[in-house]
1. Inspect the stretch 29-37 for any residue being out of contact with any Phe, Trp or Tyr (no Cβ under 7 Å at 6 or more places or on another chain) and either modelled with pLDDT of 95 or more or not in a helix (DSSP H, G or I) (or both) and give the result as yes or no.
2. Which members of the stretch 1-28 meet the condition of being part of a loop (DSSP other than H, G, I, E, B) and either buried (at least 18 other Cβ atoms within 10 Å of the Cβ) or not charged (D, E, K, R) (or both)?
Amino acid sequence: MGDVIVKLPVHQGEEAELFGSFLSSFMQRCSPRADLCAADSDAPYLMIRSDPQPGVDLKVLIFQEARAAREFARGWAEALTDLAGKVTYLIT
């Protein structure tokens, strides 16, 4: 399976704090599945890279499972909608 990349612009302040909390809770929920996948894969379940820019960090999340990428993107969209009312993300 190929990598599934999710790119998210995360603004400094309240949105960045929300991202950290959301990421932690997502990984906690996925921990059993990530453990199972680790036995069958030589790549990490999730890799994260930040590309800092003025006022925003572009978060690049690289998943090994398309389902996990979709769940993360959908959950983040819901969390961000509650915060800001507008969502921007790309899945490649």
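The values are calculated or read from the model by the stated rules, or taken from the named source; none is laboratory data. Given the structure is predicted, the values throughout are model-derived calculations rather than measurements. Here the Cβ positions follow ideal geometry from the backbone for every residue, glycine too, while neighbour counts run over all protein chains shown.
1. Within the stretch 29-37, none of the residues are out of contact with any Phe, Trp or Tyr (no Cβ under 7 Å at 6 or more places or on another chain) and either modelled with pLDDT of 95 or more or not in a helix (DSSP H, G or I) (or both).
2. At the first step, the residues of the stretch 1-28 found to be part of a loop (DSSP other than H, G, I, E, B) are 1-3, 12-13.
Answer for the stretch 1-28, where residues must be part of a loop (DSSP other than H, G, I, E, B) and either buried (at least 18 other Cβ atoms within 10 Å of the Cβ) or not charged (D, E, K, R) (or both): MET1, GLY2, GLN12, GLY13.
Yes/no per residue for (1) in a strand (DSSP E or B); (2) of a type in the set (A, V, I, L, M); (3) under 18 Å from VAL10 (Cα atoms):
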site	(1), (2), (3)
ALA43	no, yes, no
ILE48	yes, yes, yes
PRO52	yes, no, yes
LYS59	yes, no, yes
ALA68	no, yes, no
ARG74	no, no, yes
ALA77	no, yes, yes
THR81	no, no, yes
